[in-house]
Structure formats: structure tokens, C-alpha cells
Amino acid sequence: MADAETHQKKSGQKKSDLPVRLASAIVMLAVAGTAAWLGGAWLDGFILAVGVACLLEFARLISTIAKPGLGRFSALVGAGVYVGLAVWTLIKLPLPVVLGIVAVVIAVDVGAYFSGRSIGGPKIAPKISPSKTWAGLIGGMLAAGLVSGGLFAWNTGSAELRVMLFIAFAIGAGLAVLAQAGDFFESWLKRSAGVKDSSNLIPGHGGVFDRVDGLLLVAIASGALWSIHPA
């Protein structure tokens, strides 16, 4: 009976959180979409604001984990470089590329969620993130690869099978691995700090860091790839 009651309470909490989560998601999409539509300084300001909020939450986790001293200072500097580089990259990249990066990261989350839920199987690192499975990772890689390949075909105006199309797919799949690595990194930070979310800034969704943990590393890698791509 106790287990049943606990399950009912958890189920009730999830159902009661759903309207809040949906409302928060709509607001986030509206704000991000408006910033992208306005472009220019508005979009740059939005990216910078997200970066600052993320860095503050990152610093909070570090301050909880590390004692005052050189270790904490070094970790805070590293966090600043990590988030700052991602923000700088997203501001400098063309808008279509930024939207493509976001689309790939979303594809990773969606692909990993549905394949992980439907297939299940062995966990990748249960002590860090109990819900992440190898099936989910593969599903995320496939989804991200398809989105990346689709965007390449759309931009070139041809879906003809050729080497570059397969390269685009491989890049998307590789970025999926980085997105999951960023997710695991933040999960490790939260477990080390003994917290569930990086903050409670976004009702039903936790903190900003929780929402962009996978995007940071993908943005940095995408910036590096963009810098060497043929003009």
C-alpha cells in the first residue's frame, strides 16, 4: 500500500506539474522565437542573458561543491571560459547556423527520449544520470544525424546521396554525443552538489543551465567546425 500511495503521489505531482511545464515551455519558445525574429542586438542580448544566468547557476554549483581556495577559483574560471566561449560562438555565428545547432540539440533530446523510453536497456552511467540509456544515445544520434543531413540537403537544394550528405549526418551524430556529454557533466555537478536542478528559475523546468547543458558543448564544437568549413 505504501508503494502504491507513493506512486499515486508521484503520478499526481507529475500531472499537476504538466500545465506549469507547458506554460513555461510556451513562454520560453515565445521569448526565444521573438529574439530570433528581431535579430541583431535583440538576439545577441538574449543569448548573453541566457549565458549570464547559466554561468551564475554553474558558479552556484561549484561553490557548493568546492571549498574556498585555488580549486574553487580555478573551477569558476573554467566555467566562465566554458560558458563564455559558447555564448561568443552563438553570437558570432550566422542565424541560420545557430538555428541549425538548436534544431540538432532538440533532435538529440527527442530521439533519446523516445528511443530510451521504448527500448530501454543498459544504462550509460546510472550513478550520474539513472535515466540515460545506450538506446537513448543511439536514438539521439540517429535523430541528430537525420536533422543535420536534412538541413544540409535543404541548404544545398539537393537530397542526392553523396559524400557530403553522409558527412553532414556523421557530424550531427557526433554532435549528439557531445550534447549528451554536456548533459552528463551537468548531472555530475548536480549530484556532487546534492541538488536536483541548477535552480528553480523556470517553473517546472529547473534552471537555465538545465536547459542548455547540452547546447554549450555543441555550440563550441559547431563554432570550430564552422571556422574550417569551405567558404
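The values are calculated or read from the model by the stated rules, or taken from the named source; none is laboratory data. Worth saying up front: this structure is predicted, and the values here are computed from it rather than measured. All Cβ positions, glycine included, derive from the backbone under ideal geometry; neighbour counts span all protein chains shown. Surface areas here come from the heavy atoms of the whole protein model, side chains and all, with no ligands, DNA or RNA. Shrake-Rupley method; radii C 1.70, N 1.55, O 1.52, S 1.80 Å.
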Notebook entry, point to check: What residue, among those in region 218-231 that are hydrophobic (A, V, I, L, M, F, W, C), part of a helix (DSSP H, G or I) and at pLDDT below 95, is most open to solvent (accessible area, probe 1.4 Å)?
Noted result: Ile228
Note to self: For region 149-173, give me each residue that is in contact (Cβ under 8 Å) with a residue 24 or more places away in the chain and either surrounded by fewer than 18 Cβ atoms within 10 Å (Cβ to Cβ) or in contact with a strand residue (DSSP E or B) (Cβ under 7 Å, 6 or more places away or on another chain) (or both).
What the structure shows: Asn155, Ala170
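Looking at region 59-74, which of the residues that are among the charged types (D, E, K, R) and assigned to a helix (DSSP H, G or I) is most open to solvent (accessible area, probe 1.4 Å)?
Here the answer is Arg60.
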Margin query: Against the conditions (1) in a helix (DSSP H, G or I); (2) open to solvent by less than 70 Å² (accessible area, probe 1.4 Å); (3) out of contact with any Gly (no Cβ under 9 Å at 6 or more places or on another chain); (4) not charged (D, E, K, R), where does Gly182 fall short? Just the number, please.
Written below: (3)
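Okay, residues lined up against (1) closer than 14 Å to Arg211 by Cβ; (2) without any contact (Cβ under 8 Å) to a residue 12 or more places away in the chain; (3) part of a helix (DSSP H, G or I); (4) of a type in the set (Gly, Ala, Ser):
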{"site": "Val20", "(1), (2), (3), (4)": "no, no, yes, no"}
{"site": "Ala25", "(1), (2), (3), (4)": "yes, no, yes, yes"}
{"site": "Trp42", "(1), (2), (3), (4)": "no, yes, yes, no"}
{"site": "Phe46", "(1), (2), (3), (4)": "yes, no, yes, no"}
{"site": "Gly51", "(1), (2), (3), (4)": "yes, no, yes, yes"}
{"site": "Glu57", "(1), (2), (3), (4)": "yes, no, yes, no"}
{"site": "Leu76", "(1), (2), (3), (4)": "no, no, yes, no"}
{"site": "Val81", "(1), (2), (3), (4)": "no, yes, yes, no"}
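Working only within region 187-209, note down all residues that are assigned to a helix (DSSP H, G or I) and either in contact (Cβ under 8 Å) with a residue 60 or more places away in the chain or surrounded by fewer than 19 Cβ atoms within 10 Å (Cβ to Cβ) (or both). Give the steps one after another, and end with the answer.
Initial filter on region 187-209 (assigned to a helix (DSSP H, G or I)): 187-193, 208-209.
Once the filter is applied, which keeps residues that are assigned to a helix (DSSP H, G or I) and either in contact (Cβ under 8 Å) with a residue 60 or more places away in the chain or surrounded by fewer than 19 Cβ atoms within 10 Å (Cβ to Cβ) (or both), region 187-209 yields Trp188, Leu189, Lys190, Arg191, Ser192, Ala193, Val208, Phe209.
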